[in-house]
Amino acid sequence: MIRLDQLTKVYGHGANAVTVLDKLDFAVDSGEIFAVVGPSGAGKSTLAQCINLLERPTSGSVVVNGEDLSSLPEKRLREARRRIGTVFQSASLFSRRTAAGNIAMPLEYLGVEPREIKARVGELLERVGLAHRANHYPFQLSGGQRQRVGIARALALRPSVLLSDEATSGLDPDTTRSVVSLLRELRDDLDLAVVFITHEMDTVLQVADSVARLEHGRIIESGRVVDLLTDHDSALGRALQPHLTPAVPEEGARLWEVTYDSHDVPHDWLQRISQELGEPASLLAATIQTINGVGTGRATVGLRSGSPALVQDAFARLGLRAEPGTLAGTGGHDTVRNDTAREDAPAPLEHAQ
Ligand SMILES: Nc1ncnc2c1ncn2[C@@H]1O[C@H](COP(=O)(O)OP(=O)(O)OP(=O)(O)O)[C@@H](O)[C@H]1O
């Protein structure tokens, strides 16, 4: 497991000092994927460099399996760094080395026996599904395959922590899904603590067990993904939901924005709402998914019922929260970058597309 205690990074001195990371605290257990999301300039790259100790924190500590790595002298630090494997954006492979040659590099630096290197590299290629590409050079591999080589290289020294620094940024959606599913497999099979740094909200939902939002060097909200998604008051939970554009309801119907407000919502809730209110409920938009066995999501529903209190009570009895909606749609955002604008300024009805 990895723990950050009051991790702070200040660049510059005196009047020129800039606090880029400000007393960050979080812990990631073995077998857990913890995402850190944040807009450009939030401090994500600096955080990645402090976690793998390419940068020394100004204060605070990075503790891996109980040992404070940030206070180690340089020589011992080199050894301790092996406990953290890093996957970078675009894999950062050496173009003159084959896939196998890239994966072998950390082992070669350590002076591991060639026979042992060969066996370990073979095992790692197999592990990431690239045994048939061992002798291909990076330019002969797809973006997703290069990223798999990067992951295999990061695992070469059997780390207990895997740091993914924007590893899926720039990949197409299918490739992202396949890299994410590999990371989840590795989390389970190798019991890794994975720190997944990204600016892509969509990917967080696919990969993470927990998530923290970093802004201006501070964690402003964090929690288990499933808890955030079922917490109506969570800005991060809302930002994690895909954006929805509801269909236009039939005349006279009122829009309701419905969110899962409990871990225990029946699958047939729409039917039950219709039965309870004695009228058809039209589903105008919905994004519903199961995360760790818990149903989460949001929907836009059209209803003619007159009494808002009656409608809200009916939804509440099923573990759902209903608020009067607008045609501007519900939901979150593809990336962190644009969501402040959307949250602060929901489009009025007449501007709906
Ligand atoms: N060596 C440095 N000296 C001074 N300021 C720095 C240094 N490195 C980063 N910063 C500042 O720290 C802040 C955070 O930068 P960082 O690159 O960590 O953000 P980021 O979230 O990774 O952004 P992006 O997503 O755009 O890469 C920025 O304001 C940046 O200008």
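The values are calculated or read from the model by the stated rules, or taken from the named source; none is laboratory data. What you are looking at is a predicted structure, and each value in this text was computed from that prediction instead of being measured. Neighbour counts run over all protein chains shown; Cβ positions are idealised from the backbone, glycine included. Ligands, DNA and RNA are excluded from the accessible area calculation, which covers all protein heavy atoms including side chains. Shrake-Rupley method; radii C 1.70, N 1.55, O 1.52, S 1.80 Å.
Tabulate in residue order the Karplus-calculated ³J(HN,Hα) for segment 245-258, using 6.51 cos²θ - 1.76 cosθ + 1.60 with θ = phi - 60°, rounded to whole Hz; enter x for Gly and Pro.
10, x, 5, 6, x, 5, 4, x, 8, 9, 8, 10, 9, 10
Taking the 0 to 90 degree range and rounding to the nearest ten, how far is the long axis of helix 143-155 tilted relative to the main principal axis of the chain, both from C-alpha atoms?
Long axis of 143-155 versus the principal axis of the chain: about 60 degrees.
Helix 173-190 versus the longest principal axis of the chain: what is the Cα-based angle in degrees, 0 to 90, to the nearest 10?
Orientation of helix 173-190: about 60 degrees from the principal axis.
Highest mean first, what order results for 51-61, 13-23 on Cβ atoms within 10 Å?
My ranking of the peptides, most packed first, is 51-61, 13-23.
For the chain, treating each Cα as an identical point scatterer without solvent, what Debye log10 I(q)/I(0) comes out at q = 0.14 1/Å?
-1.11
Angle, helix 114-127 long axis vs. longest principal axis of the chain, Cα atoms, 0 to 90°, nearest 10?
Taking Cα atoms only, the helix is inclined about 10 degrees.
Taking K9 as the anchor, which lysines have their alpha carbon closer than 27 Å to its alpha carbon, excluding any fewer than eight residues away along the same chain?
Correct list for K9: K23, K44, K75.
Which whole number of Å³ per residue matches the convex hull of the alpha-carbon atoms in segment 1-94?
Cα convex hull per residue, to the nearest whole number: 132 Å³.
So for the chain, taking the charge dipole from beta-carbon charges (+1 Lys/Arg, -1 Asp/Glu), which of A100, Y260, A35 sits furthest toward the positive end?
Value: A100.
Can you pull the percent of the chain's accessible area that's carbon plus sulfur, 1.4 Å probe, other chains left in place?
Carbon and sulfur atoms account for 48 percent of the accessible area of the chain.
Compute the relative contact order of segment 2-235 as a whole-number percentage, counting only Cα pairs closer than 8 Å that sit 6 or more residues apart in sequence.
So the answer I get is 29 percent.
HN-Hα J couplings of segment 62-67 from phi, Karplus 6.51/-1.76/1.60, θ = phi - 60°, integer Hz, Gly and Pro as x?
These are the phi-based 3J(HN,Hα) values: 10, 10, 10, 6, x, 9 Hz.
Out of all DSSP beta bridges with both ends in the chain, state the antiparallel percent to the nearest 5.
In the chain, DSSP labels about 70 percent of beta bridges as antiparallel.
Would you calculate a helix-derived [θ] at 222 nm for the chain, using -39,500 (n - 2.57) for each DSSP H run of n ≥ 4 and dividing by the full residue count, to the nearest 500?
-9500 deg cm²/dmol
Taking R0 as 35 Å, what FRET efficiency do you get between Q275 and S234 from their Cβ-Cβ distance, rounded to the nearest 0.05?
Between Q275 and S234 the formula returns 0.70.
What are the ³J(HN,Hα) couplings of segment 268-276, residue after residue, when phi is run through the Karplus curve with 6.51, -1.76, 1.60 and θ = phi - 60°? Round to Hz, x for glycine and proline.
Whole-Hz 3J(HN,Hα) from phi for segment 268-276: 9, 4, 5, 4, 5, 4, 4, 4, 5.
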